[in-house]
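K.L.:
Sending over a structure as structure tokens; questions will come in a sec.
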Amino acid sequence: MAVTADSTIMELLREKPDSAEVLFKFGMGCLGCAVARGESIREAAMAHGIPLQELLDALGIPEK
């Protein structure tokens, strides 16, 4: 599965486990919480006030 900005945090972590460290650096510490299971990377960036492209670049995910 290709990870995109619309993939959930849980999908991201399943496909790219090393991404947890990147998310922690952006202040996203609740990776196992219920919200993270259904929240997309795009939604998480908005909720945390993180520029989406900056987060995607750090995660190595091309924006479509």
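FYI, it's all coordinate maths here, none of it is from the lab. Remember, predicted model here, so these are calculated numbers, not experimental data. Neighbour counts run over all protein chains shown; Cβ positions are idealised from the backbone, glycine included.
K.L.:
Of Ala20, Ala34, Ala45, which is the most mobile in a GNM of the chain whose springs link Cα atoms less than 10 angstrom apart?
P.N.:
Ala34
K.L.:
Among Val35, Val3, Val22, rank each residue by its count of other Cβ atoms within 10 Å, from fewest to most, as a rough exposure measure.
P.N.:
So the ranking, lowest neighbour count to highest, is Val35, Val22, Val3.
K.L.:
Next question, about the same structure. What percent do you get for the relative contact order of segment 9-59 when only Cα pairs under 8 Å and 6+ apart count? Walk me through the numbers before you get to the answer.
P.N.:
Details: 30 pairs, mean separation 19.9, N = 51.
Value for segment 9-59: 39 percent.
K.L.:
With labels modelled as points extended 7 Å from the Cα through the Cβ direction, what inter-label distance (nm, one decimal) is found for Ser40 paired with Asp6?
P.N.:
It works out to 0.5 nm between the two label points.
K.L.:
Sticking with this one: Using Cβ contacts closer than 10 Å as the measure, can you line up Ile61, Ile41, Ile50 from fewest to most?
P.N.:
Starting with the residue having the fewest Cβ neighbours, the order is Ile50, Ile61, Ile41.
K.L.:
For semi-axes √(5λ) of the Cα gyration tensor in Å, the choices are [x] 21, 12, 10; [y] 43, 12, 10; [z] 14, 13, 11; which was calculated from the structure?
P.N.:
Of the listed options [x] 21, 12, 10; [y] 43, 12, 10; [z] 14, 13, 11, [z] comes from this structure.
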